[in-house]
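The values are calculated or read from the model by the stated rules, or taken from the named source; none is laboratory data. Everything quoted here is computed from the prediction, not taken from an experiment. Cβ placement follows ideal geometry from the backbone for every residue including glycine, while neighbour counts extend to all protein chains displayed. What goes into the accessible areas is simple: the full protein's heavy atoms, side chains included, and nothing from ligands, DNA or RNA. Shrake-Rupley method; radii C 1.70, N 1.55, O 1.52, S 1.80 Å.
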Amino acid sequence: MKRILAIAGVALASLALSACELAPKTSTQNGYRGTGMDTIKVNAKPADADVVPPPPYDMPSTEGPRAGAAYQNVQVLGDVSEEQFTYTMAALTQWVAPEQGCNYCHNPANMASDELYTKVVARKMLQMTRNLNQKWGQHVAKTGVTCWTCHRGQPVPANYWTMPGGAKNGIIGNKHGQNDPIPASAYASLPNASLASYLTGDPKVDQNIRVNSAGMHPTAANKTSTMDTEKSYALMMHVSKSLGVNCTFCHNANSFQSWQSSNPQRATAWYGVRMVRDVNSNYISPLASVFPAKRKGPEGDPFKVNCTTCHQGKNKPMGGYQMAKDYPALWGPEKAAVPAVTAPAPAAVAATTTQ
């Protein structure tokens, strides 16, 4: 009897760590039968966080005195009207700190003061939001993003990641970053620092996400190995888990590397990876000296975003609800931190494309 229970326990543990979903699913055929183009989606249950809060009140005029002239120390939204500014601030409070209110970021005795770190962070996040809405339309499209997209009424988004703690020295107990199931790798035994390889760094530089051998045999120019695929596979599992879809939502199972036969969503995901890299590298990591220890991971890096931060199990955050249309201030003239990048078209892939 003990042996049977032990076997059952191992089986259940294997299932729990295999990234398999026991939830109900919907299967849709996207191509000819037998081509492996069925898209399987997990039927996510609506959550309270998906109930998008309405605007605080009727949208005010975009005309009139500018906020920068009406208030002191307005460094980001100074170009919008005073009425739009207060309207956006009311919404931001609702999105990020509904319980704490304005005092979460401001000293009520001196609203212009930057003494609270949360105000410094909020300013950077407003710059980021404008950058995403203006320069990353290939991913966010006309839906756009707001603070609610990530925060959902909480000061800190529910889904974030940091660099894992340092590995143990020596042989005993040193897993070398593997066999340590965490959400970032869809609870697989793959490297737990995989996201750092692709979701940080320069978004203009391809990080060789796609691991394809350039030849049949290893050579000085072809050093691709099976181990090189581990981080890439971990990222793909993360994306699949985050969006609640399977691989063929983007790829054609006949040829995973072929852009020509891929679904359009693959190009959207291509931009999404680079967009997240932009957010982490140009807006969050520079705040490392601003965030307190409680907002950092074991290695001292700030809480960073990944695909789950926005998507939360849906291929379109909040089902694609176009929330940002009600907030013109979030589509402002903030310049992109980096020049735009261009994904290869699925119908005409360049030979140098990675991913």
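Points worth noting:
- Within the stretch 127-142, tally of residues that are part of a loop (DSSP other than H, G, I, E, B) and at pLDDT 95 or above: 1
- Test: residue in the stretch 282-300 that is open to solvent by 40 Å² or more (accessible area, probe 1.4 Å), closer than 19 Å to residue 236 by Cα and touching a residue at least 12 places away in the same chain (Cβ under 8 Å): no
- Residue match in the stretch 259-278 (condition: of a type in the set (Ser, Thr, Tyr), closer than 24 Å to residue 129 by Cα and more than 18 Å from the chain's Cα centre (by Cα)): no
- Selection within the stretch 274-289 - part of a helix (DSSP H, G or I) and of a type outside the set (A, V, I, L, M, F, W, C): 274, 277, 278, 280, 281, 282, 283, 285, 286
- Those residues of the stretch 73-93 which are touching a helix residue (DSSP H, G or I) at 6+ places or on another chain (Cβ under 8 Å), surrounded by fewer than 19 Cβ atoms within 10 Å (Cβ to Cβ) and in contact (Cβ under 8 Å) with a residue 40 or more places away in the chain, in sequence order: 75, 79
- Pairs are defined by a Cβ separation below 8 Å, a sequence spacing of at least 6 or placement on different chains, a first member in the stretch 101-113 that is over 19 Å from residue 88 (Cβ atoms), and a second member that is among the basic types (Lys, Arg); the pairs so defined are 113/119.
- All of 273, 245, 279 fail the test of being hydrophobic (A, V, I, L, M, F, W, C), open to solvent by less than 60 Å² (accessible area, probe 1.4 Å) and under 19 Å from residue 27 (Cβ atoms), apart from 245.
- Given (1) over 14 Å from residue 195 (Cα atoms); (2) at pLDDT 95 or above, index of the condition residue 246 fails: (2)
- Restricting 103, 107 to those that are in contact with a Leu (Cβ under 9 Å, 6 or more places away or on another chain), farther than 30 Å from residue 266 by Cα and open to solvent by 70 Å² or more (accessible area, probe 1.4 Å) reduces the list to 103.
- Taking the criterion of being crowded, with 22+ Cβ neighbours inside 10 Å and either touching a residue at least 24 places away in the same chain (Cβ under 8 Å) or within 22 Å of residue 202 (Cβ to Cβ) (or both), the residues of the stretch 250-265 that qualify are 252, 259, 262.
- There is no residue in the stretch 176-185 that is open to solvent by 40 Å² or more (accessible area, probe 1.4 Å), at pLDDT 80 or above and in a loop (DSSP other than H, G, I, E, B).
- Residues in the stretch 229-249 that are in a helix (DSSP H, G or I) and either among the β-branched types (Val, Ile, Thr) or more than 23 Å from the chain's Cα centre (by Cα) (or both): 229, 239, 248.
- No other residue among 160, 198 is surrounded by 13 or more Cβ atoms within 10 Å (Cβ to Cβ), hydroxyl-bearing (Ser, Thr, Tyr), modelled with pLDDT of 85 or more and in contact with a Leu (Cβ under 9 Å, 6 or more places away or on another chain) apart from 198.
- Selection within the stretch 301-329 - loosely packed, with under 15 Cβ neighbours inside 10 Å and either among the polar types (S, T, N, Q) or assigned to a loop (DSSP other than H, G, I, E, B) (or both): 316, 322
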